[in-house]
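Let me begin by presenting the structure, written as structure tokens, before commenting on it.
The values are calculated or read from the model by the stated rules, or taken from the named source; none is laboratory data. If you're wondering where the values come from, they're calculated on a predicted model, not measured in any experiment. FYI the Cβ positions are ideal-geometry reconstructions off the backbone, even for glycines, and counts take in every protein chain you see. Areas reflect the complete protein model, heavy atoms only, side chains present, ligands, DNA and RNA absent. Shrake-Rupley method; radii C 1.70, N 1.55, O 1.52, S 1.80 Å.
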Amino acid sequence: MRYENPYYFAEEAAALDLISDNRIALGISRGSPEPALRGWEAFGYTGSTDPRGADIARATFDQLLEAISGRPVAPADPAQFGPGQKLPIEPHSPGLVERLWWGAGSRDTAVWAAQKGVNLMSSTLLTEATGQSFGDLQAEQIDLYRQAWKEAEHAQTPRVSVSRSVFPVVSEQDKQFYQLRQGQGADQVGVIDGHRSTFGRTYVGEPDELIRELQNDAAVMSADSLMLTIPSQLGVDFNARLLQSFAEHVAPALGWEPNTKGPTTGYAV
């Protein structure tokens, strides 16, 4: 959101939502750390006092939420509409806010996302390190989000997703491809954006082993959706087989069923 014009973004999001028959799941965030120094300023977005541009991202997101609500946001030409009139963005897609997800990298931003009334998308990194395992730290983030959602008294049921790198070993070829990832089987702590951060582990193993490990991951079991991160450099065919292996050999034991009953819903808070 540091790089986005909120009203143009709102029009694009609404158009896509209408074209897709309200089936989008639009993930939004401040944006990841980058090599450019205050790169958003090169695009004309100035005024940030945060070296990461988080303050610009939040202000832009507030404007986006106002625009997609359908409220008038731009002064109208008085020659056409009379004095003091305003115009909303077009097109307008009712309920779009329910299909927005904020990528929260900390407990505080998860609470903020709940207050704004958008879904929570938590990935394999948190800009916090407390000594807890990544799964436990993320589960705490989810609990705080749901509590804040309940306190805000939003009408809709929130959605919560977490991301994991999971590689089921079901063939000899899998063993060859995944053996280099075996050493990533533990959480890591490092510094990113000046914060001590916790990086989630990579899960590699045979299905029974993965099932046990994921069932012991508190955040995976708390979230209503699990997103798999996949290695894009290995191509479409490889990743389609990876996803199929997960769906056939691991996901059912975690409570997943093929979606034949319509849109997925979150857990009541």
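Within the stretch 113-139, being assigned to a strand (DSSP E or B) and open to solvent by 40 Å² or more (accessible area, probe 1.4 Å) holds for Met121, Leu125.
Name the one entry in Ala129, Ala113 that is more than 13 Å from the chain's Cα centre (by Cα), small (Gly, Ala, Ser) and under 21 Å from Ala54 (Cβ atoms).
Ala129
When the stretch 35-49 is filtered for residues that are assigned to a loop (DSSP other than H, G, I, E, B) and surrounded by fewer than 14 Cβ atoms within 10 Å (Cβ to Cβ), the ones remaining, listed by number, are Pro35, Ala36, Leu37, Gly44, Thr46, Gly47, Thr49. So is Glu153 closer than 25 Å to Gln115 by Cα, out of contact with any strand residue (DSSP E or B) (no Cβ under 8 Å at 6 or more places or on another chain) and free of Cβ contacts under 8 Å to residues at least 60 places away in the same chain or not? Answer is yes for this residue.
Evaluated against (1) touching a Ser or Thr at 6+ places or on another chain (Cβ under 9 Å); (2) of a type outside the set (D, E, K, R); (3) over 28 Å from Glu128 (Cβ atoms), Gln179 falls short on exactly one condition, (1). The conditions of being of a type outside the set (Phe, Trp, Tyr), in contact with a Ser or Thr (Cβ under 6 Å, 6 or more places away or on another chain) and farther than 21 Å from Thr130 by Cα are not met by Pro158. If I ask for residues that are modelled with pLDDT of 95 or more, open to solvent by 40 Å² or more (accessible area, probe 1.4 Å) and within 30 Å of Phe238 (Cα to Cα), which ones from the stretch 140-171 would you list? Scanning the stretch 140-171 gives a single hit, Arg159.
Here Gly31 meets the list (1) open to solvent by less than 70 Å² (accessible area, probe 1.4 Å); (2) in contact (Cβ under 8 Å) with a residue 24 or more places away in the chain; (3) more than 19 Å from Thr109 (Cα to Cα) almost entirely, failing just condition (3). Which of the following residues is farther than 30 Å from Gln132 by Cα, free of Cβ contacts under 8 Å to residues at least 24 places away in the same chain and surrounded by 12 or more Cβ atoms within 10 Å (Cβ to Cβ): Ala67, Ala59? The unique qualifying residue is Ala59. Is it the case that the stretch 226-235 has a residue that's open to solvent by less than 60 Å² (accessible area, probe 1.4 Å), under 19 Å from the mean Cα position of the chain (by Cα), among the hydrophobic types (A, V, I, L, M, F, W, C) and at pLDDT 85 or above? There is at least one residue in the stretch 226-235 that is open to solvent by less than 60 Å² (accessible area, probe 1.4 Å), under 19 Å from the mean Cα position of the chain (by Cα), among the hydrophobic types (A, V, I, L, M, F, W, C) and at pLDDT 85 or above. Take the conditions (1) open to solvent by 60 Å² or more (accessible area, probe 1.4 Å); (2) among the small types (Gly, Ala, Ser); (3) over 25 Å from Arg107 (Cα atoms); Gly194 misses just one of them, which is (3).
Is it true that Gln80 is farther than 30 Å from Gln141 by Cα, surrounded by 12 or more Cβ atoms within 10 Å (Cβ to Cβ) and of a type in the set (S, T, N, Q)? Against the criterion (farther than 30 Å from Gln141 by Cα, surrounded by 12 or more Cβ atoms within 10 Å (Cβ to Cβ) and of a type in the set (S, T, N, Q)), Gln80 does not qualify. Asn22 passes every criterion in (1) at positive phi; (2) touching a residue at least 40 places away in the same chain (Cβ under 8 Å); (3) surrounded by 15 or more Cβ atoms within 10 Å (Cβ to Cβ) apart from (3). Looking across the stretch 83-110 at every residue that is more than 30 Å from Leu137 (Cβ to Cβ) and in a strand (DSSP E or B), the one that is most open to solvent (accessible area, probe 1.4 Å) is identified as Lys86.
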